[in-house]
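J.: Right, I'll just put the structure down here and ask away after.
The values are calculated or read from the model by the stated rules, or taken from the named source; none is laboratory data. Quick caveat: nothing in here was measured; it's all calculated off a predicted structure. In this analysis, Cβ positions are derived from the backbone assuming ideal geometry, glycine residues included, and neighbour counts consider all displayed protein chains. In case anyone asks, the SASA skips ligands and DNA or RNA and just uses the protein heavy atoms, side chains included. Shrake-Rupley method; radii C 1.70, N 1.55, O 1.52, S 1.80 Å.
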Amino acid sequence: MNLLVLGLNYQTAPLAVRERLAFNPDELNNALADLVAMKGVFEAAIVSTCNRTEVYCHARDIDQVMYWLASNRNQSVESITAHMYVYQGETAARHAYRVVSGLDSMVVGETQIVGQFKDAERIAREAGTLGTLLNGVFQRAFSVAKEVRTQTKIGASSVSMAAAAVRLAERIFPSISDCNVLFIGAGEMIELCATHFAAQNPKKIAIANRTLERGEALAKKFNGEAMLLADLPSRMAEFDVVVTSTAASLPIVGKGMVERALKTRRHRPIFMVDLAVPRDVESEVAELSDVYLFTVDDLAEVVRLGVESRSLEVESAEAIISDRLQDFNTWLASRALVPTIRDLRDHTDRITRTEVARAQKRLAAGDDPNSVIEQMALQMQNKYLHAPLAALNSAAPDEQEALVNLVRRLYRLQDID
């Protein structure tokens, strides 16, 4: 059972590369079906977030999966290999444990990654591409993450992306309480950001979303208003702070839209945070002199504050992961025995069924029951012992001692004096 992980993250690839390999949630079902349809690929799951895209699979050939990923994302293999990492077996399991535990995150100890992995597991299960191996890896990763968060303080004092956005906004505006804040999208990240900004009591909060119903549900939590994405061009000028995180495949906020808003605002600055991958805001917006645009990667310096103070907690978490990897290896080794155990059970079951059926026929014909039972027992004994006796009798001289010891161990025979 060959566990493979290949992917890229904020440490190995810039945002411009990550967004080219990112998967929209609506694309995952077809992508997973396409991947497991390939010969030699038996299971697959895809984790795609703003900071990483990773393919988890049970497959024979790494290169085959690499070529599939490049082709599916309309990229050349050469353009992505320099940014990719590949793990196999125990190393792949360790990586999964570290990621779900928050040790591989931009924000060390953050918990959002657990939900993102659970979404990936659910989508793969619903798509029918999650089998014994990946299910075992994912469930153990969730268990390890829970243990890490329970037994360490890995998440203590961590600066979230949302908190970092507030800190940056406070560098531009003296007080968030004097600002109008717009959130584009209505997902988990936007709700988290809205919670942090709402704590600063801004003048106004608005939620712009593709569907008004979901936007209104989120806006209600923060005493804000909801609007449609189509309203953005006419209302962008109202807002001092704009935070966006959607699953759109193309930018929602263009340079022209922001230029018109700045003109209406008489060039009062706009602070923008784009947490989406692919990006929601055209990169050219950053060229405008009165716009302060920050992407996911731009927040790195802020969110990494406090990492040194948690170094001992990281070491404790790594120790927990190492211990649990031993459990994984034991489980994986036991799974390797399953085909042989199944075949052995099938073999003995066929013998038993055949002899029982023969005995039942003799009993129905009126044969003596004691004779039928004795004959059935003798036939089953001979058939059960046929293969090991034949192996012993045909063993070469240099094989005999090892084979004898193995048979005596299997059948728990007393040692020869």
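J.: If the requirement is being closer than 27 Å to Thr246 by Cβ, open to solvent by less than 10 Å² (accessible area, probe 1.4 Å) and hydroxyl-bearing (Ser, Thr, Tyr), which of these qualifies: Tyr10, Tyr56?
T.: Tyr56
J.: Within the range 394-407, track down each residue that is under 21 Å from Thr348 (Cα atoms) and open to solvent by 60 Å² or more (accessible area, probe 1.4 Å).
T.: Across the range 394-407, the qualifying residue is only Leu406.
J.: If you don't mind, another one. Which numbered condition in (1) modelled with pLDDT under 90; (2) touching a helix residue (DSSP H, G or I) at 6+ places or on another chain (Cβ under 7 Å) is the only one that Leu337 fails?
T.: All conditions are met except number (2).
J.: Taking the range 372-392 as the search range and keeping residues that are open to solvent by 50 Å² or more (accessible area, probe 1.4 Å) and small (Gly, Ala, Ser), which one is farthest from Val407 (Cα to Cα)?
T.: Across the range 372-392, the extreme among qualifying residues is Ala377.
J.: Specify the residue that is modelled with the highest pLDDT; the eligible residues are those in the range 287-309 that are open to solvent by 60 Å² or more (accessible area, probe 1.4 Å) and under 30 Å from Val108 (Cβ atoms).
T.: The first filter runs over the range 287-309 and keeps only residues open to solvent by 60 Å² or more (accessible area, probe 1.4 Å), leaving 287, 289, 292, 298, 301, 304-305, 308-309.
After this cut, where a residue has to be under 30 Å from Val108 (Cβ atoms) as well, the list is 292, 298, 301, 304-305, 308-309.
Numbers: Tyr292: 96, Asp298: 85, Glu301: 69, Arg304: 65, Leu305: 58, Glu308: 55, Ser309: 55.
Result: Tyr292.
J.: Something else: Return the residue satisfying two criteria in turn: it lies in the range 161-198 and is acidic (Asp, Glu) and within 24 Å of the chain's Cα centre (by Cα), and of such residues it is modelled with the highest pLDDT.
T.: Looking only at the range 161-198, we keep the residues that are acidic (Asp, Glu), and these are 170, 178, 188, 191.
Then keep just the ones that are within 24 Å of the chain's Cα centre (by Cα); that gives 188, 191.
Working: Glu188: 88, Glu191: 93.
For the range 161-198, the residue satisfying everything is Glu191.
J.: Can you tell me which residues in the range 171-185 are in a strand (DSSP E or B) and buried (at least 23 other Cβ atoms within 10 Å of the Cβ)?
T.: We begin by selecting, within the range 171-185, every residue in a strand (DSSP E or B); these are 180-184.
Residues satisfying the conditions are Val181, Leu182, Phe183, Ile184.
J.: Only one of (1) open to solvent by 20 Å² or more (accessible area, probe 1.4 Å); (2) over 15 Å from the mean Cα position of the chain (by Cα); (3) aliphatic (A, V, I, L, M) is not met by Ile123, so which one is it?
T.: Failing condition for Ile123: (2).
J.: Of everything in the range 112-135, what is touching a Leu at 6+ places or on another chain (Cβ under 8 Å), modelled with pLDDT under 95 and under 26 Å from Gln326 (Cα atoms)? Give them in sequence order.
T.: Leu133
J.: Residues of the range 232-286 being of a type in the set (Gly, Ala, Ser) and open to solvent by less than 10 Å² (accessible area, probe 1.4 Å), which ones?
T.: To start, the set of residues in the range 232-286 that are of a type in the set (Gly, Ala, Ser) comprises 234, 237, 245, 247-249, 254, 256, 261, 276, 283, 286.
Result: Ala261, Ala276.
J.: Against the condition open to solvent by 50 Å² or more (accessible area, probe 1.4 Å) and either of a type in the set (Ser, Thr, Tyr) or without any contact (Cβ under 8 Å) to a residue 12 or more places away in the chain (or both), how does Ser322 come out, does it pass? Spell out the reasoning first.
T.: Working: open to solvent by 50 Å² or more (accessible area, probe 1.4 Å): no; either of a type in the set (Ser, Thr, Tyr) or without any contact (Cβ under 8 Å) to a residue 12 or more places away in the chain (or both): yes.
No.
J.: Working carefully through the options Thr111, Thr132, Thr150, find the one that is over 24 Å from Asn51 (Cα atoms) and open to solvent by 70 Å² or more (accessible area, probe 1.4 Å). I'd like the intermediate steps shown before the answer.
T.: Details: Thr111 fails: over 24 Å from Asn51 (Cα atoms); Thr132 fails: open to solvent by 70 Å² or more (accessible area, probe 1.4 Å).
Going through Thr111, Thr132, Thr150 in turn, just one is over 24 Å from Asn51 (Cα atoms) and open to solvent by 70 Å² or more (accessible area, probe 1.4 Å): Thr150.
Yes or no, residue by residue, for (1) open to solvent by less than 40 Å² (accessible area, probe 1.4 Å); (2) over 22 Å from Glu110 (Cβ atoms); (3) part of a loop (DSSP other than H, G, I, E, B):
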| residue | (1), (2), (3) |
| --- | --- |
| Arg18 | yes, no, no |
| Glu27 | no, yes, no |
| Lys39 | no, yes, yes |
| Val47 | yes, no, no |
| Trp68 | yes, yes, no |
| Glu78 | no, yes, no |
| Arg98 | no, no, no |
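J.: Got a number for residues in the range 378-398 being in a helix (DSSP H, G or I) and touching a helix residue (DSSP H, G or I) at 6+ places or on another chain (Cβ under 8 Å)?
T.: We begin by selecting, within the range 378-398, every residue in a helix (DSSP H, G or I); these are 378-394, 397-398.
Still in the running and touching a helix residue (DSSP H, G or I) at 6+ places or on another chain (Cβ under 8 Å): 379-380, 383-384, 388, 391-392.
Matching residues across the range 378-398 total 7.
J.: In addition: Restricting attention to the range 209-231, does a residue exist that is touching a helix residue (DSSP H, G or I) at 6+ places or on another chain (Cβ under 8 Å), open to solvent by 70 Å² or more (accessible area, probe 1.4 Å) and under 27 Å from Ser48 (Cα atoms)?
T.: Scanning the range 209-231 turns up at least one residue that is touching a helix residue (DSSP H, G or I) at 6+ places or on another chain (Cβ under 8 Å), open to solvent by 70 Å² or more (accessible area, probe 1.4 Å) and under 27 Å from Ser48 (Cα atoms).
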